[in-house]
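Here's the structure, in structure tokens; my notes come after.
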Amino acid sequence: LNVDLESKRLELLKEAVPGLSRVVVLANPANPLNRVNLDIARRSGEKLGVTIEVVEAKNAADIDGALAQIRKSRPDAVLLASDILLLTRRKEIADFMAAQRIPAIYPFREYAGVGGLFIYGANISVLFERAADYLDRLLKGEKVGNLPVQQASAFELIVNNRTASALGLTVPRAVLLRADDVIE
């Protein structure tokens with residue numbers, strides 16, 4: 001289900017960023033999910049009239065080079081792929097986007113706390129709680145085959161108006177009304 005979120009993230013960027021035509025997707029090519037996400041983003045980009053460019057970082061050492069590529073490319077916006085590697089460098093990435101005045105959309109709530117502009121995705125804290133419950137059940141002897149497959153069913157949109165103001169971006173009222181949380 002997470003791969004379907006790339007289309008929604010791209011639609012939100014298109015709605016919120018005037019004149020959006022070029023988006024860089026920052027992704028980890030070592031993550032198989034990111035490869036699927038990139039295909040979805042490219043197809044969605046075609047439908048929306050948005051060119052998708054990919055900048056890759058497969059390890060922590062690659063992130064600085066990836067950010068330098070983004071600086072050189074000067075996209076209209078950046079979409080961060082769902083990846084733990086990128087999440088571990090969230091502050092640096094969000095600070096870079098702010099310094100370069102590039103609107104970005106992020107996959108996890110944790111980016112909001114470091115100044116991320118838009119966040120759209122499942123709350124990973126809830127997902128980790130579910131995983132802990134599964135682990136508990138397994139340790140108590142329940143068989144793996146008895147555990148139901150679960151998918152995230154609740155997604156949140158967070159808008160950081162403070163960051164939007166710093167970027168000189170006015171977030172459309174329609175986006176603000178759909179937001180689960182607006183940081184002022």
Query raised in the report: What is the residue count in the range 131-184 for residues that are closer than 24 Å to Gly19 by Cβ, part of a loop (DSSP other than H, G, I, E, B) and either open to solvent by 50 Å² or more (accessible area, probe 1.4 Å) or β-branched (Val, Ile, Thr) (or both)?
Result: 3
Query raised in the report: Can you find a residue in the range 58-80 that is part of a loop (DSSP other than H, G, I, E, B) and among the β-branched types (Val, Ile, Thr)?
Result: no
Report summary line: Residue hits (the range 101-113; open to solvent by 10 Å² or more (accessible area, probe 1.4 Å) and part of a loop (DSSP other than H, G, I, E, B)) are Arg101, Pro103, Phe108
Query raised in the report: Any residue at all in the range 81-100 that is in a strand (DSSP E or B) and aliphatic (A, V, I, L, M)?
Result: no
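Search the range 1-23 for residues being aliphatic (A, V, I, L, M) and part of a helix (DSSP H, G or I), and hand back the single one that is surrounded by the most Cβ atoms within 10 Å (Cβ to Cβ). Even if it seems obvious, please write down each step before you answer.
As a first pass, look at the range 1-23 and keep what is aliphatic (A, V, I, L, M): 1, 3, 5, 10, 12-13, 16-17, 20, 23.
Then drop every residue that is not part of a helix (DSSP H, G or I), which leaves 3, 5, 10, 12-13, 16.
Values: Val3: 16, Leu5: 18, Leu10: 26, Leu12: 20, Leu13: 23, Ala16: 22.
Step by step, filter the range 1-23, then rank; the result is Leu10.
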Query raised in the report: Is it fair to say Glu46 is part of a strand (DSSP E or B) and more than 12 Å from Ile105 (Cα to Cα)?
Result: no
Query raised in the report: Is the range 81-102 home to any residue that is touching a Leu at 6+ places or on another chain (Cβ under 9 Å) and on the phi > 0 side of the Ramachandran plot?
Result: yes
Report summary line: Here the residues within the range 24-68 that are open to solvent by less than 70 Å² (accessible area, probe 1.4 Å) and among the acidic types (Asp, Glu) are Glu53, Asp62
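The values are calculated or read from the model by the stated rules, or taken from the named source; none is laboratory data. Just so you know, these numbers come straight off a predicted model, no measurement behind them. Using ideal geometry, Cβ is built from the backbone for each residue, glycine included, and neighbour counts are taken over all protein chains shown. The accessibility values were calculated without ligands, DNA or RNA, using every heavy atom of the protein model including side chains. Shrake-Rupley method; radii C 1.70, N 1.55, O 1.52, S 1.80 Å.
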